[in-house]
Number of protein chains: 2
Amino acid sequence: MMEDLFAERIQGVPRSFIREILKASVNPEVISFAGGLPNPDFFPVKEIEAATSAVFKRYGPKILQYSNSEGDLELREFISSRYMLKKGIDIPVENIIITNGSQQGIDLLAKVFLNSGDSVLIEEPGYLGAIQSLSLYQPVFRPVPVGDTGMDIAALERASKSSAAKLLYMVPTFQNPSGITYSNENRRQVAAVAAENKFILIEDDPYGELRFSGEHANSFYTYLPEQTVLLGSFSKIVAPGFRLGWIAAPEWISEKLIVAKQAADLHTSSFTQKIIVEFLQANDLDQHISKIIEVYGAQCKAMIEAIGRQFPEDISITTPDGGMFLWGRLPEGRCSMTLFEEALKEKVVFVPGDPFYTGKGSQNSFRLNYSCVDAATIEEGVGRLTKAIEHFL
Amino acid sequence: MMEDLFAERIQGVPRSFIREILKASVNPEVISFAGGLPNPDFFPVKEIEAATSAVFKRYGPKILQYSNSEGDLELREFISSRYMLKKGIDIPVENIIITNGSQQGIDLLAKVFLNSGDSVLIEEPGYLGAIQSLSLYQPVFRPVPVGDTGMDIAALERASKSSAAKLLYMVPTFQNPSGITYSNENRRQVAAVAAENKFILIEDDPYGELRFSGEHANSFYTYLPEQTVLLGSFSKIVAPGFRLGWIAAPEWISEKLIVAKQAADLHTSSFTQKIIVEFLQANDLDQHISKIIEVYGAQCKAMIEAIGRQFPEDISITTPDGGMFLWGRLPEGRCSMTLFEEALKEKVVFVPGDPFYTGKGSQNSFRLNYSCVDAATIEEGVGRLTKAIEHFL
C-alpha cells in the first residue's frame, strides 16, 4: 500500500469539522451562527484600492520581486509602535516576523519547539485551528479549563507539574470559542506558573482591538517578556484575504523562527504587505475599528437579549466584552452535536463544542458567532434555535 | 537554559548561506552572479495593475474575505489546462492546491510524508531551498549525482536499495543549480526505479517554460502518474512577489496535503490569486514568456562566450537550454568557497557549490546566474572573475 508512505503525524487526521459545517450553511435559507468570519461590510475596500494604486505608483516592478523573510520593515515598525500605543509594551522591530495570518505563527512555533510527544498546555475549550495545527507535531495536549475570568490556576499548576510542558497556547482576550477574557490578576498568576515551570506563553490576540465594553487587559509580555510570544493579525481589524499576521518573540526565539519561516515559504507576499503599509499610513485605523466595534457590540447585545427572552432558563451563555463569539452550555450530559442535527432541520447552524476540545467528544457546549448577522436575523435565528432546543430537551 | 526547549529539528540549523551572500552583493560596485532572482524588467507591472483594478471592480469586499484551502477554482482550472497544452498531461483540477510559492509545496510534502530518520533521495547538486526545507523534518538524505543528461541511474538504484526511500526530489528541467536537463530516456529510467522501489517522484519545475533551445522534455507524470507530484510556480514566468505556486498530486496524496495546508496557514491570499487569474485571462502568457526567453537566452549565450574567451581552460561549465543558471567546476581538489573570497576582492560574487550538497563541504563547483545582468555587465563580471581565478589557481 502506497499509503504506508505517509508520515505518522498525518495518519488519521480528519478533514476539518468546520469545513463540513460551512458546507451545510451554503444553503441561503439557513441562518448561520457557525462562521468565524469578520463582517465584509466593514472591509475598507475603497481605501485598500487606493492604497494599492499608490503602491504601484510608488514602487513599480520592484514590489513584485522576492523579498526578505522577516517581512516589510515599515509594516513591522507600525506593529511595534502600535504595541507601545495600545498595550504600553516595547517590542523591538527586529523581534517581529510577518506571517501568513497568525495561523502560520502557530505552525512555525510548533515547528521550532515541538518534538513528537512533548507536552503542550492549551485552553479548554481552545481555538480549533490551533489544535489542528499543533496536532501535526504530535504533542501530548494538557488541557486547562478556562472560565469567565480566565484560566483555572490550580489546574494549570497540576498540568505543569505532571510533565514538563514547553508551550501554553491561549487566546486570552475575547477568546475563541468562549468570548471570555482573562483578568489581569489571572494573567499575573498564569505568568507566575510559567516563570516557575519554564514554559513559553503564546498569547494569540486576533480580537483584542475589538472591545466594546470593559477595560484594557495587560499583555503577558508585561509580566514575563522573555517567555512570551505574541501572535497578531490584520484579519479581524482590516481584512483576512491578504493573509497577514505576525509573530513577536524574544530574540532567542525569533532567530529560529526566521529559519523556519524561510524554509516554509521564503517570505510572505511583499505586495500585500506594502498595500497594508500604505493603507495604514493613509487612514486612521482606530476610526475604522470603531465602526466595527459599534456594530459587533450592538449585534452581541441583540443576541444576548434575544437568547434571554427566548431560550429555556437552563441554558447558560457567556457575556463577552468584545470579539465575535458567545459560548453556550446545555444542561449537563446533553450533547450539542445532537442539537446540531435538530437545528439544521430548523435551518439554523452553530458550531458544537467538540472540536474545541482535545480528544473529548459529546460536549454540552456550543459556539455562536454574531459578527456577520444583523439584529433581525439574530432574532429570527435565535427563535429557530429555541425551537430546536425545545424539541431536543 | 531556555534554549533546551527548542525542538531537535531546529537545533544547529544555520541561517541560510545565501542570505549572507546577498548581503555582500548589496554594494552597488559589486557585480552579482549570485542571485536567483528573475529579471524585474520583465515583470508585467502595468498589466498586473490593470488586473488588480479589474479585481476590485468585479468582486468588491468579498475578495478580501477568508477563502478555501485548495485555492481559487479559476486559477486551478488555468493550471490544469496549461498542463494539457504544454505537457499533454491530464491533471484534474481537484488534484491542484495553490501554495505560497513552490517552496511551501516542498514543506507540505515533507510534512505529509516524512518521519524523522526517513530516507529522501535528492539530486546532487540540488536546490538549496529544498535541502533547507526538508532538513527540518530530519530525514536521512541519499544524494544521487546528476550530470549533463540527468541522474546517474546506477547510483539511484544503489541509493534506493540501501534503504526504503519515500521521496525523490528533483528539478529535472534547467536544474537549479546546474542548469542541466534530464533527457526523456533518463526520465523513463528514473521512473522505472521509482515504480520498482515505490517512492514518490517530486518534479519541481519553476523554470521549464523558460526554454531558449532544445526540445520539450516529458513530465514524469507521463511515465508514472500515481507516484508523481508536480510543483509549479508563477515566480519565474509572472512575478515572485505574489508568492503563488501550486502542487499537483494524485488524489490519495492531495487529500492529505489539503489538511496540511489548512493547518499551515488556512489558505493562500485570495486577493493575489484573483489578480493572477485576471492577468492570465486578459493577457497572452506565451507572448509574455517569449520576451523573457529571448533576453535570458541572449544573456546565457553572452556568459558562455565570455567564459570561453576569458576563463582558463581547465574550468568547465554547463550549457543550459533554458532557466537562469550555469554551473562551473574548478580543477579537482580546488575549493570554490576560497575562490569566493578572492572574487569578493575583485568585486564580483557567485554562489559556491557547498550549500547545494547535503552535508559535504569544500566543493570545487559554483553557480552563476545570468538572468539579471546585461551583456556588458556579464563581460565585465566574467573578466573580474577570471582575475580572481588566476590569482587563486
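The values are calculated or read from the model by the stated rules, or taken from the named source; none is laboratory data. Bear in mind that the values here come from a model prediction, so they are computed numbers and not experimental data. Virtual Cβ from ideal backbone geometry, glycine too; neighbours counted across all protein chains shown.
Looking for something facing another protein chain (nearest Cβ under 9 Å) and on the phi > 0 side of the Ramachandran plot - is there at least one such residue anywhere in the stretch B:43-51?
No: the stretch B:43-51 contains no residue that is facing another protein chain (nearest Cβ under 9 Å) and on the phi > 0 side of the Ramachandran plot.
Spot the failing condition for residue A:214; the list is (1) crowded, with 24+ Cβ neighbours inside 10 Å; (2) touching an Asp or Glu at 6+ places or on another chain (Cβ under 7 Å), and only one is missed.
Condition not satisfied by residue A:214: (1).
Quick one: is residue A:211 over 21 Å from residue A:367 (Cβ atoms), basic (Lys, Arg) and outside the structural domain of residue A:355 (by TED's automatic domain parsing)?
no
Restricting to the stretch A:242-266, count the residues that are in a loop (DSSP other than H, G, I, E, B) and modelled with pLDDT under 95.
Qualifying residue count, the stretch A:242-266: 1.
Just wondering, is there one or more residues in the stretch A:274-294 that are in contact with a strand residue (DSSP E or B) (Cβ under 9 Å, 6 or more places away or on another chain), surrounded by 24 or more Cβ atoms within 10 Å (Cβ to Cβ) and not in a loop (DSSP other than H, G, I, E, B)?
Within the stretch A:274-294 (the criterion being in contact with a strand residue (DSSP E or B) (Cβ under 9 Å, 6 or more places away or on another chain), surrounded by 24 or more Cβ atoms within 10 Å (Cβ to Cβ) and not in a loop (DSSP other than H, G, I, E, B)), the answer is no, since none of the residues qualifies.
Scan the stretch B:51-65 residue by residue and report those that are closer than 8 Å to residue B:278 by Cβ and polar (S, T, N, Q).
Selection gives B:52 alone.
Could you tell me which residue of the stretch B:214-261 is farthest from residue B:180 (Cα to Cα), considering only residues that are of a type in the set (Phe, Trp, Tyr) and in contact with a Pro (Cβ under 9 Å, 6 or more places away or on another chain)?
Checked the stretch B:214-261; the qualifying residue farthest from residue B:180 (Cα to Cα) is B:234.
Just the residues that are touching a helix residue (DSSP H, G or I) at 6+ places or on another chain (Cβ under 7 Å) and either β-branched (Val, Ile, Thr) or at pLDDT 95 or above (or both), please, taken from the stretch A:323-337.
A:324, A:326, A:330 - these are the residues of the stretch A:323-337 that are touching a helix residue (DSSP H, G or I) at 6+ places or on another chain (Cβ under 7 Å) and either β-branched (Val, Ile, Thr) or at pLDDT 95 or above (or both).
Given the conditions (1) in contact (Cβ under 8 Å) with a residue 40 or more places away in the chain; (2) out of contact with any helix residue (DSSP H, G or I) (no Cβ under 7 Å at 6 or more places or on another chain), which single one is not true for residue B:158?
Status for residue B:158: all satisfied but (1).
Which residue is nearest to the other protein chains (Cβ to nearest Cβ), if the candidates are limited to the stretch B:192-214 and must be aliphatic (A, V, I, L, M) and within 20 Å of the chain's Cα centre (by Cα)?
Selected residue: B:200.
Could you list, in sequence order, the residues of the stretch B:230-258 that are facing chain A (nearest Cβ under 7 Å), in contact (Cβ under 8 Å) with a residue 60 or more places away in the chain and surrounded by fewer than 24 Cβ atoms within 10 Å (Cβ to Cβ)?
Matches in the stretch B:230-258: B:256 only.
So which residues in the stretch A:10-22 are under 11 Å from residue A:349 (Cα atoms) and at pLDDT below 70, if there are any at all?
A:22
Does at least one position in the stretch B:380-389 carry a residue that is among the hydroxyl-bearing types (Ser, Thr, Tyr) and crowded, with 22+ Cβ neighbours inside 10 Å?
Within the stretch B:380-389, not a single residue is among the hydroxyl-bearing types (Ser, Thr, Tyr) and crowded, with 22+ Cβ neighbours inside 10 Å.
Within the stretch A:301-337, how many residues turn out to be in a helix (DSSP H, G or I) and surrounded by 13 or more Cβ atoms within 10 Å (Cβ to Cβ)?
Number of matching residues: 10.
Taking the condition of being under 30 Å from residue A:113 (Cβ atoms) and either β-branched (Val, Ile, Thr) or at pLDDT 95 or above (or both), how many residues in the stretch B:139-164 meet it?
Residues flagged as under 30 Å from residue A:113 (Cβ atoms) and either β-branched (Val, Ile, Thr) or at pLDDT 95 or above (or both) within the stretch B:139-164 amount to 5.
Could you list all residues from the stretch A:222-234 that are closer than 30 Å to residue A:273 by Cβ and either in a loop (DSSP other than H, G, I, E, B) or within 18 Å of the chain's Cα centre (by Cα) (or both)?
A:224, A:228, A:229, A:230, A:231, A:232, A:233, A:234
Given the condition without any contact (Cβ under 8 Å) to a residue 60 or more places away in the chain, in contact with a Leu (Cβ under 8 Å, 6 or more places away or on another chain) and at the interface with chain A (Cβ under 8 Å from one of its Cβ atoms), answer yes or no: does some residue in the stretch B:215-223 qualify?
Checked the stretch B:215-223: no residue is without any contact (Cβ under 8 Å) to a residue 60 or more places away in the chain, in contact with a Leu (Cβ under 8 Å, 6 or more places away or on another chain) and at the interface with chain A (Cβ under 8 Å from one of its Cβ atoms).
Restricting to the stretch B:347-368, give me the number of residues that are surrounded by fewer than 24 Cβ atoms within 10 Å (Cβ to Cβ), under 24 Å from the mean Cα position of the chain (by Cα), of a type outside the set (Val, Ile, Thr) and not in a helix (DSSP H, G or I).
8
Look through the stretch B:81-128, keep the residues that are among the charged types (D, E, K, R) and more than 22 Å from residue B:252 (Cβ to Cβ), and return whichever of them is nearest to the other protein chains (Cβ to nearest Cβ).
Among those that are among the charged types (D, E, K, R) and more than 22 Å from residue B:252 (Cβ to Cβ), it is B:123.
Would you check if there is a residue in the stretch A:273-281 being basic (Lys, Arg) and farther than 30 Å from residue A:113 by Cα?
Scanning the stretch A:273-281 turns up at least one residue that is basic (Lys, Arg) and farther than 30 Å from residue A:113 by Cα.
With respect to residue A:237, determine if the residue is modelled with pLDDT of 95 or more, part of a helix (DSSP H, G or I) and assigned by TED's automatic domain parsing to the domain that holds residue A:102.
Here the answer is no, as residue A:237 does not meet what is asked.
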